[in-house]
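Scroll down for the structure; my scribbles are underneath it.
Values quoted throughout were computed directly from the atomic coordinates according to the rules given, and no laboratory measurement underlies them. Note that this is a predicted model, so its numbers are computed, not measured. Virtual Cβ from ideal backbone geometry, glycine too; neighbours counted across all protein chains shown.
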Amino acid sequence: MVHYNYAPNIFENMEMKVLKFDNNLYTNQTQYIEDRNLTGDYSWIPFRPKINPKNHWALPYVTGHKYKVHWRFGLDFTQMQIDLSNRWKSTDKDIYVVYNFTDTRARVDFISGGVVNDNATILTKAQNLWQTGDNVVYNDTSVREIHAIFNGRNSSRDSLVMKGYRCNGPCLTAIDEVAVESTFRRWSVPASWPSGKVPTDGETVVIEAGWNMLYDVVNATGPILKMLQINGRLTFDNEEEVGKNLYLYAKYIFVRAGALIIGNETRPFRGTVNIVLYGEKANEQIVYDEAIEAGNKLIANTGNISIYGLPRNKMTRLLESVYKGNKTFKVESGLGWKTDERIVLAATTLRYHDSDYAIIDTYDNATGVLTIKTELTAYHYGAATSTGPNYNGVDMRGEVHLLSRNVRIQGNNTEAWGCQIVTSDFVEITAVVRMGHTYMNNVEIYNCSQYDTYKAAIRFQGNGRMWSEIANSAIYGGWGYGAQFENAANVKLTNNSFYFFNITLDGNHVMHILERDFLKADTIFEPTGCILACTEPGDVCSDLSIVNNVVSGSPFTGFAAYGYACGETNSKVFRDNIAHSVKDTGVIIFANQSDPKQFTCTQASKFTAYKCGLDGAVAFNNQAYKKIVFSQMTFIDNGFGGTPMVAFEGDDLAAEVQDSLFYGETEARDCLKENECLTTSSEACKDKTALQLAYYAKAGKDPLPKSLVKIPIHKIKSDASYGGKTTYTNLQFFNYKSNKTYCGMQQVLFRLNHYAADYIPRAKFIKPRFENIHQDAMAYLFTPPDAWANLDDCGDFPCTAPNNALLQFESATYAGTIKPSNTDKTFQILPNNKPTVQGYSNCKNYPTWNGYYCTNDNLGVLLFESIDDDKMKRMISPIFIVNNQTSSKNTLNTFMDHIWDGFYTGQLRLARWPTTIETGQINGVFRTYDIKYSGTPPSNQRFSLYADESAVILRIDYTKPGAYIITDFSGKTIDANKWNDNLKQLDPIRGQKCGENRYLGVLNILEFFMPAGCQLMIKPVDSIRTNIRLDWTLDAFYSAGGTTKFVDRVAASLGIHASTIKVVAVYKGSVIVDFIIVPDDAKVTATSIQTGIQNTIKSNPTAYGAPVLDASAGGTAVVTGGKIINNTSTGGSTTTGETVTVGGSGNNGGTSTPVIDTSNNPKVIVQSGGSSDNEDQVKLIVILVVIVVVIIIGSVASYFIYQKYQKKQNQKSINKLKEGTEAVAQSSRDASGLGDHEVKDQRGRQSQ
């Protein structure tokens, strides 16, 4: 059976637990469950995120038994579907399954076979009649269980959907609306209550509508109320100047139609308040709306809560560094902190969990010297003055937060099940709309939130008609979410401290996030973060504002948040935030896909990240935007700085980083001793890089990936995009004073994405500034690893994208006491691809970079690809890019195989190739590169040259004849060079325009011109190859009008337009004219041309200017030796992309260089084959000679091999002869002694 199609989605990634639960195993069910060992007695079923069905738990069960099935702590589903496999038979025994629940269930529907089953059928039907979907629901306070039957008795019932409902109709009865009394009732006075007595332990208390109750209970020991419902007004006594210490204990507090008031804006509460909420996960849950799972152990507010605690100095910074074992340290003076108040020290290094929770022993208000009761567990960086002046205003001294407040709401410590404060709206049965409003200022919220649920410490669900705000408060010590918003609006969280939470959504300073402890199955990953906004699939958030927040201590990401449409510089959706001491990523930026402007361009700005183990900021949102911009960001001492990435296919893609600052290693040491990482490993052992180059791929990531194979965010799992323009403008780099960190790791400015196997677009740096940058710390460009050379990835040799990266710098400036050895304003950095770069001008190798430093404005990147239908399947790499004028030679591989079905790679690799290239001229001639494929070149290709200066000539050596045109990307044909009668060939490439081209006949070389920025395509055309050999000389041919007159004669003889005839070549032998005919009419076929030529010669032997010695069309000879062949082919037809030359040779033949004439074919480049008869004869003789030599050598070799073999056999025979004649007979067997079938078998092997 498989469980899936669940709600809510809190179940995602959780394991399912199955326990044997047969009745004979226990007498006391509760005791049996409590005695079970989670790891020994339960089967743990991993969550499967893959398809068939998606997101499920599958398990084989032994029939005829009863099982208890549940998830984390008995989480409640509102929907669950269970399907049976097709292996079930009608004779199989039942499976009896028990599901527990804690939420209220007024009704559960069981849908099977397309109908809703009756309830309690397990109790009313005989067991032998049970079918899938028979059920019973126990909804008592002590036992809340769903029982269901599964079997194969009814084949139409192979699936069951269970849906739970909290209410069967209205959830609450009506209440009267009454004006509030003008005078107080005191809680402690019996006369205030209709019963005449003060409420006691375990009671349900209702503050009735219209009441004005003053809470004045100072008893610290109780009572503990079961339920407190507030429909009137409950105000905590704040009349005395000194203030009272008040205590309120309850399992549920429901502010339904009234108000809970503690202090006010002008008179915050003077004393102390302790509100303690009691309960366990299995306790009854309250219900007031079908759509809202309120839960238990809570304050539920659909009315008004207003709490003002005393203002406090809630945050300071360390004025000196402190170390593990310290108990005394110095902070700011005058804070007014007190003995026994709670504080937390945030992590300050890459050791992201090095925060410390402490209780104050003493604090000297005059000096700021603070002593805590227990020793610190970790190092925290501090300094007497702020680091802001040296780091763009960023103060990296360790934060110390005060958690204690005089108003405290807390959950008692039971089962990792804290309290919760939920604010909602709902509609009463009387149609009165309740609108929850919660305002808390300077409140301490401790041990709230509930493990493995969405029930956060502070929760806003189905709420937004009224404004709510949590300000200057401390929320800490919880087991789940810190704050959570669902279908909510008009909420502010301002200047709060969140500490020690598993998963937290939104806040002000959020720190020390813990990963949820659950069974990781296969590739499951659960992303955890400090502030995660609108990250789930289908989430839509509007008017979202995340500003001025600080996060630290997260095991995955600090923030995950929307960007904004480019140019909307006043946007407050995400700005002025800081992330530090995060294991992976400071912020994950993604697009708000409900904003169509962000599809064109998404931007994020005004963000700071320091001490993040991977990317300070990263964006790789799948199919969400075509351009991404990071601006006005500050990155300090991170694994990487900002990494903008685009997940889209196309030409017009861009990634930019603007006006941002990058700093190297800081005074806050990640290691306590130098080179520590050379001998030990920890979170501190990270290579550090200012910038990891941007990348473009066809597919990216969801905002929060939930699979290990998709982590980290910058990991690439799809083919690189064709387009990509990477620009870095006005970036400043500071204090990379060495290429080694204090810990012994590497630090550099620039690095390639280590997953970038396919294509890294050139990166342009405009006006970069370098201050105190060491020569060795400029860059490190990795070489493609040998591990890529395998069948699953890149084939026989590694993919070559890292060898073809190009970093270009212009208008660079330098400052500081440490400078690189080269301080050119304009320069380039290239990888250590020696065979290629050794032919480039002005490039010097730097081994510490594993790269080259160049001062050469003519460097660029050429990108080309096959666009044939077989571009994913046909391997034609390695491809060689060779410049015969220099020593430059590049070897290219096809893209990596990124397709994976869960077991095998797809064996599909995209035929796309980037190569660095040097443009410009050598001795007045443009650099010319030969592109040599390991196989037949693709028929359809496209090329782009990304460069700023000059141009190149490219040549493709085709392996067989064909006809092609060159077009721009819009499909407009670019004319081929015309015939030059003086040169008796096509005009050479003169560098006049993008796509200027010509074809070198017989050599089968297509030659075309590409200036910087040129983009073009090569396409095949349909044609019929034709050849005529005339009894003439070349001089006479040209004197009689040359190719122009010849074309006119052919057109007239065949009755076709002259523009459809394209001359390929004219050469001796006597005069051979190769040409093609591009049909413009379906009637023009190879057969019609063959017939036309023959009829023309019959009527006029010199119709083509001279007697015809040989002729062919469509690969079929029609004239040979001056004689017409009667049996011409009748099946000739137009050939797509391929022409065949069948030529003769004259008596004055020879093998001179062919002359090519395409004066009447300005748009078509024709690839021709063929040679004169003399050439063919020479080739034939050479082939025959080679064959004879091979036969002779083979015969000689065979003779000696046979002699050696025979000698060996003779020796064996002699040896066996000594042992007896029988052995001799066996050793001398030959074919004459074999049976007929054996003879046949031996001859067969010989023939094979």
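In table form, for the structure just shown:
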{"read-out": "Distance between modelled label sites at Ile867 and Gln921, nm, 7 Å Cα→Cβ extension", "value": "3.2 nm"}
{"read-out": "Thr800 long-range amide H proximity, modeled H, under 5 Å", "value": "Asn893"}
{"read-out": "Amide H contacts under 5 Å for Arg107, placed H, 5+ residues apart", "value": "Tyr165"}
{"read-out": "Long-range tail of P(r) for region 380-477 (Cα pairs > 21 Å, %)", "value": "55 percent"}
{"read-out": "Order by protection proxy (mean Cβ within 10 Å, highest first), peptides 428-441, 746-759", "value": "746-759, 428-441"}
{"read-out": "Karplus-derived HN-Hα couplings along region 387-401 (A = 6.51, B = -1.76, C = 1.60, θ = phi - 60°), whole Hz, x at Gly and Pro", "value": "7, x, x, 9, 9, 6, x, 8, 8, 9, 5, x, 7, 10, 10"}
{"read-out": "Loop trypsin sites (Lys or Arg not before Pro), region 910-1008, which have at most 11 other Cβ atoms in a 10 Å radius of their Cβ (DSSP)", "value": "Lys972, Arg990"}
{"read-out": "Average projection area in nm² (convex hull over Cα atoms of region 916-1042, one quarter of hull surface)", "value": "9.8 nm²"}
{"read-out": "Surface/4 estimate of mean projected area, convex hull on alpha-carbon atoms of the chain, nm²", "value": "72.4 nm²"}
{"read-out": "Cα centroid separation, region 1093-1123 to region 1021-1058 (Å)", "value": "12 Å"}
{"read-out": "Cut-off 10 Å between beta-carbons: net charge of the residues surrounding Lys324, Lys and Arg +1, Asp and Glu -1", "value": "-3"}
{"read-out": "Between region 620-636 and region 239-318, the Cα center-to-center distance that results, in Å", "value": "41 Å"}
{"read-out": "Difference of contour (0.36 nm per residue) and Cα-Cα distance, Met435 to Ala787", "value": "120.6 nm"}
{"read-out": "Filtered chymotrypsin sites (Phe, Trp or Tyr not before Pro), region 1-102: DSSP coil and at most 15 other beta carbons within 10 Å", "value": "Tyr26, Tyr61"}
{"read-out": "Loop GluC sites (Glu not before Pro), region 328-410, which have at most 12 other Cβ atoms in a 10 Å radius of their Cβ (DSSP)", "value": "Glu375"}
{"read-out": "Extension gain, Asp176 back to Ser90 (0.36 nm per residue minus Cα-Cα distance, nm)", "value": "25.2 nm"}
{"read-out": "Fully extended contour minus Cα-Cα distance, from Asp118 to Asp340, at 0.36 nm per residue", "value": "74.0 nm"}
{"read-out": "Pairs from Lys626/Lys701; Lys715/Lys834; Lys715/Lys764; Lys20/Lys89 whose Cα-Cα separation, in the structure shown, is over 19 Å", "value": "Lys715/Lys834; Lys715/Lys764; Lys20/Lys89"}
{"read-out": "Candidate aspartates and glutamates - alpha carbon under 15 Å from Lys1068, same-chain residues fewer than 8 apart omitted", "value": "Asp1031, Asp1035, Asp1110, Asp1157, Asp1173, Glu1175, Asp1176"}
{"read-out": "Residues in region 147-166 reached by a label modelled at Ala58 [backbone nitrogen below 18 Å; 7 Å Cα→Cβ]", "value": "158-160"}
{"read-out": "DSSP bridge pairs, the chain: antiparallel proportion in percent, nearest 5", "value": "50 percent"}
{"read-out": "Relative exposure of Lys688, Lys960, Lys281, Lys1019, judged by other C-beta atoms within 10 Å (fewest first)", "value": "Lys960, Lys1019, Lys281, Lys688"}
{"read-out": "FRET efficiency for Glu239 and Glu208, using Cβ-Cβ distance with R0 set to 25 Å, rounded to 0.05", "value": "0.60"}
{"read-out": "Alpha-carbon radius of gyration plus Dmax, which is the widest Cα pair, for region 22-168 in Å", "value": "15.3, 41"}
{"read-out": "Exposure proxy ranking, count of Cβ atoms within 10 Å, fewest first, for Lys163, Lys297, Lys698", "value": "Lys163, Lys698, Lys297"}
{"read-out": "For region 521-604, share of DSSP beta bridges that run antiparallel, in % to the nearest 5", "value": "15 percent"}
{"read-out": "Ranked Lys710, Lys327, criterion: other C-beta atoms within 10 Å, fewest first", "value": "Lys327, Lys710"}
{"read-out": "Calculated FRET efficiency for the pair Lys324/Ser142, C-beta based, R₀ 45 Å, to 0.05", "value": "0.35"}
{"read-out": "Rg to Rh quotient for region 290-448, alpha carbon positions, Kirkwood Rh", "value": "1.10"}
{"read-out": "Reachable aspartates and glutamates, given that their alpha-carbon falls under 19 Å from the alpha-carbon of Lys767 and they are not under 8 places away in the same chain", "value": "Glu656, Asp659, Glu810, Asp824, Asp857, Asp948, Glu949"}
{"read-out": "Length-normalised contact order of the chain in % [C-alpha pairs under 8 Å, at least 6 apart]", "value": "4 percent"}
{"read-out": "Centre separation in Å (Cα based) which lies between region 29-71 and region 151-221", "value": "36 Å"}
